[in-house]
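Peer 1: First, the structure itself, so that you have it in front of you.
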Amino acid sequence: MHDAVTAQWQLFDALEPDAYAALKASIREHGVLVPVEVDEHGVILDGHHRVRAWSELRAEGVAVPDYPRMVRVGLDDAAKRRHVIMLNLYRRHLAAEQRARFIAELRADGLTLQAIAAAAGVDKETVRRDLRTSESTFATAKVERTVGKDGKARPTRYKPRAVPTTAIALDGRQQRKAQDAASAGAFDGLPLGAMVGVDHPTVHAGARRTRGKRAAERAQAAVAPVAVSARLAVADALRLPLTDDAVDLIVTSPPYGLDKAYSSGDLAADVWPAFMADWLAEALRVTKPGGRLALNIPLDTFRPGCRPTYAEAIRAAVDAGWSYRSTIVWADNERGKSTARGSVDSPSSPYIYASAEMIGLFSKGAWAVEPRGAADIGHDDWLAWTDGVWRTRGEVSPWEQHPAPFPVEIARRLVLLLSYPGDVVLDPFVGSGTTAVAALRLGREPVGFDISQAYIASSARRIAADAERSLRETLTEERPHPDVPADASRGVGVADAAG
């Protein structure tokens, strides 16, 4: 998150070079210790030098943690200026003449001598002396006074110090949540001076209201759904019938050399590393610059012997020219039929098995891409899925009893997280059509290949059945699938492209 660094509220002189260098050194070692104060729009009220030093350190590659925030809510411009002055009067080492100018401004704004003295960290007599100095030095007009019922004189425009309502945010994500809550008026019902965290129920509910409204506005303003169809063909992943730079995203789970009962047979384990290197190079060829690859691979395999499958796959992808980005750990919590753990209650020969698979993420060149229209991933999903541990079950009802099923939920998440509507999504090992189904539901252009004619036919049947179910739900006004545009045109093209 980039806060709006503006000179509007930088009312005091910039730090001297030595003082700024000391601040930057402290942040390098300890991080930002004093929270940066921002308004509900993200404009910095106090902490310009801290943010500048933090940003410079990040640009230099220093891994400083995100800085804490205090989101001040409900202040008009006059109150913001008064608040900034009072903060800095206490912290800054000001000459008497500098202090006198700001004390005069606070007095003219209607603050009492006691409030000014407390803000500046001085006694009331010092405030009186500074006011006399300011009246003579800066020709400041005397403050009009009114005698109250108690017989005491106070400024006509008397204003007690307005302590703003504040949300305490530890990072940019929490700050955005506080700002969303402020947009929904969540702070209006809180007493002046209240200090709450973003986990406060009122703040949380307000943030959800704003995000719901934003999502509804996006839905109303959405462009007409992209007309898409699936392209399926028989082809070898080592020789894909596609031109260079043809696809935006590859989502796939290749064979692992585990002697699975595929219709065309499985790979031998000893040729698997070379096979991975070859098809990953071909996949790179057909991917556009900036395109992504999501590669689902077991962490380890144990047939015919123990193999570091994931490590070998990562090496093959990098050697093929893919740029490694990160890994998603898919914790399916399923041990399969075998629960053997080796030497029971003995270190003799334990059998250690992780109930998880890995999804390696790669790109062709730089990971960041320019937006291609409006994204369709919701904020809550974005937050949940950028956590690199996904806990969801494996496929429990494989389509037409495919021997190596891949759950639609995993494919759906990857497509939403890594692509835009209308993008071309490829699975060179389409199998039972899982990636194609997810991509088609989400308005992408799915392309699927498999060396088995039987699996291409099976995928086509699955896509047709899914489209028929979606249409039936729409026509009978049942709850449609949340990701399927009701009027999107759908089709399945099946060709024999073996070569």
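Peer 1: Is it the case that Ser397 is assigned to a loop (DSSP other than H, G, I, E, B), over 17 Å from Ile377 (Cα atoms) and touching a Phe, Trp or Tyr at 6+ places or on another chain (Cβ under 7 Å)?
Peer 2: No.
Peer 1: For the subset of the stretch 196-208 comprising residues that are in a helix (DSSP H, G or I) and over 19 Å from the mean Cα position of the chain (by Cα), which member is farthest from Gly185 (Cα to Cα)?
Peer 2: Ranking the qualifying residues of the stretch 196-208, first place goes to Pro201.
Peer 1: Scan the stretch 25-34 and give yes if some residue there is of a type in the set (Gly, Ala, Ser), modelled with pLDDT under 90 and part of a loop (DSSP other than H, G, I, E, B), otherwise no.
Peer 2: Going residue by residue through the stretch 25-34, those that are of a type in the set (Gly, Ala, Ser) are 25-26, 31.
Imposing the further condition that a residue be modelled with pLDDT under 90 reduces the set to none.
Taking every residue of the stretch 25-34 in turn, none turns out to be of a type in the set (Gly, Ala, Ser), modelled with pLDDT under 90 and part of a loop (DSSP other than H, G, I, E, B).
Peer 1: What number of residues within the stretch 271-297 are in a helix (DSSP H, G or I) and not small (Gly, Ala, Ser)?
Peer 2: Counting residues in the stretch 271-297 that are in a helix (DSSP H, G or I) and not small (Gly, Ala, Ser) gives 12.
Peer 1: Would you check which residues across the stretch 29-59 are over 23 Å from the mean Cα position of the chain (by Cα) and closer than 10 Å to Met70 by Cβ and list them?
Peer 2: Matches in the stretch 29-59: Val34, Leu45, Asp46, Gly47.
Peer 1: On the given criteria, is Trp382 modelled with pLDDT of 85 or more, among the aromatic types (Phe, Trp, Tyr), over 26 Å from Leu242 (Cβ atoms) and surrounded by fewer than 16 Cβ atoms within 10 Å (Cβ to Cβ)?
Peer 2: So Trp382 passes the test.
Peer 1: Step by step: first the residues of the stretch 387-426, then only those that are more than 26 Å from the chain's Cα centre (by Cα) and not hydrophobic (A, V, I, L, M, F, W, C), then the one that is modelled with the lowest pLDDT. Which residue is that?
Peer 2: Start the filter on the stretch 387-426 by keeping residues that are more than 26 Å from the chain's Cα centre (by Cα), which leaves 395-405.
Narrowing the set further to residues that are not hydrophobic (A, V, I, L, M, F, W, C) leaves 395, 397-398, 400-403, 405.
Details: Glu395: 71, Ser397: 71, Pro398: 74, Glu400: 70, Gln401: 68, His402: 69, Pro403: 65, Pro405: 75.
Looking at the filtered set, the residue picked out is Pro403.
Peer 1: Next question. Any chance you could count how many residues in the stretch 230-255 are out of contact with any strand residue (DSSP E or B) (no Cβ under 6 Å at 6 or more places or on another chain) and not β-branched (Val, Ile, Thr)?
Peer 2: Number satisfying all stated conditions: 11.
Peer 1: Could you tell me which residue of the stretch 342-394 is farthest from Arg325 (Cα to Cα), considering only residues that are small (Gly, Ala, Ser) and part of a strand (DSSP E or B)?
Peer 2: Gly342
Peer 1: Can you go through Lys159, Lys152 and tell me which one is among the charged types (D, E, K, R), modelled with pLDDT under 80, in contact with a Leu (Cβ under 9 Å, 6 or more places away or on another chain) and under 30 Å from Asp76 (Cα atoms)?
Peer 2: Lys159
Peer 1: Considering (1) over 30 Å from the mean Cα position of the chain (by Cα); (2) buried (at least 17 other Cβ atoms within 10 Å of the Cβ); (3) not in a loop (DSSP other than H, G, I, E, B), say which one Gly431 fails and leave the rest.
Peer 2: (3)
Peer 1: Quick one: is Gly448 in contact with a strand residue (DSSP E or B) (Cβ under 6 Å, 6 or more places away or on another chain), within 25 Å of Lys364 (Cα to Cα), of a type outside the set (D, E, K, R) and not in a helix (DSSP H, G or I)?
Peer 2: yes
The values are calculated or read from the model by the stated rules, or taken from the named source; none is laboratory data. These numbers come from a predicted model, not from an experiment. Cβ: placed from backbone, ideal geometry, glycine included. Neighbour counts: every protein chain shown.
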